[in-house]
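None of the figures in this text is laboratory data; all of them are computed from the coordinates on show. What you see is a predicted model, and the numbers here were worked out from it, not measured in a lab. Cβ atoms come from the backbone with ideal geometry, glycine included; neighbour counts cover every protein chain shown.
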Amino acid sequence: MPRTVKRLTACIAALIVFTVASSAAANSFKPGFHIGGSIATLESGQLRYDNLSALCFGLRANREISRFVDYQFELNFVRKGAETDIYTIVNKTEVASAEGSLKLDYLEIPLMLKAGPNLTSSFNPSVLAGLYLAWNLDKEISYDSDFSDPLEEIDVATSDFGLIVGAALDFTVKGREAGLEIRYSRGIKKPIDRSIGESVLNSVMSFVIYITP
């Protein structure tokens, strides 16, 4: 129950802030929403982590800077983390194994520039680049291990920070602006305070469809 209340409170507060800000700047910003899927993992130079699939969704607002460049602000719910499956040979005969998943839920705010040729045709391609700042809402850990160092002992950082790049294809649906977007984000801050070996960083590939009401 506390986890659900925490998530709901954060999402409602973020929605209120976004709505007020968008309404106050309705003449300047073009609001919209998006939904899609994501494939997350943890990047490490030493260990291999498997992908974690999840749903992602959020709100957005675009403001035109020039004919070819827009400023894009978003407020997203995204799940990061990874699944893992480790096997180690002990004393050349015994096999120790560990498997589990680490699911990290974030309220994420990307700040990006969106640039494209602004074609007059039905389809208009563009590229995205920017930064994101995220706050951890919740963590979910499942673990089954033969090792003496349990995954449950890790501490999750309260925030995440990183870079975003991507591409989009805008089009019109019944007079409304819509589009498809693919993006890749890479953290530059460790999401967990303890890792085996080198730094472990968040990595997410997402695919969304968006529409402007």
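Laid out as a table, the results:
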quantity: In Hz, Karplus ³J(HN,Hα) per residue of region 157-164 (6.51, -1.76, 1.60; θ = phi - 60°; x = Gly, Pro); calculated: 5, 6, 9, 9, 8, x, 10, 10
quantity: For SER53, SER126, SER121, SER44, order by how many other beta-carbon atoms lie within 10 Å, fewest first; calculated: SER121, SER53, SER44, SER126
quantity: Violating pairs (Cα-Cα greater than 21 angstrom) within the set LYS114/LYS139; LYS80/LYS114; LYS30/LYS174; LYS80/LYS139; calculated: LYS114/LYS139; LYS80/LYS114
quantity: Estimated FRET transfer efficiency (ALA167, LEU55; beta-carbon r; R0 25 Å; 0.05); calculated: 0.75
